[in-house]
1. In region 175-230, how many are β-branched (Val, Ile, Thr) and surrounded by fewer than 23 Cβ atoms within 10 Å (Cβ to Cβ)?
2. Test Gly49 against the stated conditions and say whether it is surrounded by fewer than 17 Cβ atoms within 10 Å (Cβ to Cβ) and touching a residue at least 12 places away in the same chain (Cβ under 8 Å).
3. Regarding region 280-299, can at least one residue be identified that is within 30 Å of Leu36 (Cα to Cα) and basic (Lys, Arg)?
4. From the list Ala234, Ala284, Ala254, Ala294, exactly one residue is over 16 Å from Trp23 (Cβ atoms) and at pLDDT 85 or above. Which is it?
5. Looking at (1) outside any helix (DSSP H, G or I); (2) under 24 Å from Ser56 (Cβ atoms); (3) not polar (S, T, N, Q), which is the one condition that is false for Pro301?
6. When you go through (1) crowded, with 20+ Cβ neighbours inside 10 Å; (2) within 19 Å of the chain's Cα centre (by Cα) one by one for Val240, which number turns out not to apply?
7. Within the bounds of region 234-242, is there any residue that is without any contact (Cβ under 8 Å) to a residue 40 or more places away in the chain and within 17 Å of Val189 (Cβ to Cβ)?
8. Does Leu97 fit the bill of being part of a helix (DSSP H, G or I), of a type in the set (A, V, I, L, M), within 18 Å of the chain's Cα centre (by Cα) and modelled with pLDDT under 75?
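The values are calculated or read from the model by the stated rules, or taken from the named source; none is laboratory data. Note that this is a predicted model, so its numbers are computed, not measured. Counting neighbours? That spans all protein chains shown, and the Cβs are built from the backbone with ideal geometry, glycine included.
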Amino acid sequence: MNWQLLVAAPVIGFVGMMSGGYWGVGCGWIVVPTMLILGFDPLAAVGIGLLQMFPSTILTVIRQAPEIGWRKGEPGRSIALPLGAGAVLTSLAGRGLNGELVARFGAAPINWALMIVIALIAVQTLATRTRCYDDRMPEITPRRIRIAFGTGLATGLLSSMLGLGGGILIRPLLTGGFRVPEYYTSRIVRLLVLLTTFSGGLTYLFGSGSFDWTIFSISMLVAAGGIVGFPLGARLHRIVYDAGYAQHIHKSFAVVAVAVLTNTLLNMHGYATASRRAMLVVAALLTIYLALFAHYAWRHPKQR
């Protein structure tokens, strides 16, 4: 293990998981390209991107889980549980399906599907508003609970295949589809990211039939930075939300969607190295921006 990896892994974990904590998503979109730059094969890169999220997120999720609400009719029982159950079930199949699809059809069909989904997410995020503050939680009918379970199935599969953490798919579903207020959305997404990345990451850790010490050790190196970055991002989210900028949190998430879309597009046209470096630049700029905007929001709270 060279000194560059020892330095780069925790830094990337901090930078990526800071934005992850802010929006309640994973940071596979930055960890996976970085691991590819450092010479890891795609399956190992995805495994590292998934596994590092568990130690990075677990303390924040445990602290915030009671705030979701778990009584009958509350978001925890009516949305988080069916989404989580579906996601965990299919996340275990992601690695095998990933290898099978790439072997049969190449990476292009997967990339096109991902690009279409991410483009729709970016448009939906920019064109909608999130419920917040005095907005009440809408009634969740049995039909919507079934939809949540089905969406969880799809999310868990895509998460473990692509190493994205699932949050980039779950967040727009909660804000746009279920009209969940931002207060609950961020907490539910952080919980589901923890579940999907842990269950999906285990399949990469034991994928070769034995414990993969390389994936484990590198993911823990990345997590060393993520353990600091994720709760810091969650803290910045609380500052911005409490200052009255919930709509900014919602719409700025489109930056992550556009970054993933750009990365995929560049990869498909043979600019893999450029795309990976671009993700590093985007992640660094996002870290600076989130810190500066949180400071601005704290100094200039809006009247709600």
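1. 4
2. Numbers: surrounded by fewer than 17 Cβ atoms within 10 Å (Cβ to Cβ): no; touching a residue at least 12 places away in the same chain (Cβ under 8 Å): yes.
Criteria not met by Gly49.
3. No, region 280-299 contains no residue that is within 30 Å of Leu36 (Cα to Cα) and basic (Lys, Arg).
4. Values: Ala234 fails: over 16 Å from Trp23 (Cβ atoms); Ala254 fails: over 16 Å from Trp23 (Cβ atoms); Ala294 fails: over 16 Å from Trp23 (Cβ atoms).
On inspection, the qualifying residue turns out to be Ala284.
5. Against the list (1) outside any helix (DSSP H, G or I); (2) under 24 Å from Ser56 (Cβ atoms); (3) not polar (S, T, N, Q), Pro301 comes up short only on (2).
6. (2)
7. Narrowing region 234-242 to residues without any contact (Cβ under 8 Å) to a residue 40 or more places away in the chain: 238.
Now narrow it down to the ones that are within 17 Å of Val189 (Cβ to Cβ): 238.
Checked region 234-242: at least one residue is without any contact (Cβ under 8 Å) to a residue 40 or more places away in the chain and within 17 Å of Val189 (Cβ to Cβ).
8. Details: part of a helix (DSSP H, G or I): yes; of a type in the set (A, V, I, L, M): yes; within 18 Å of the chain's Cα centre (by Cα): no; modelled with pLDDT under 75: yes.
Taking the combined requirement at face value, the residue does not satisfy it.
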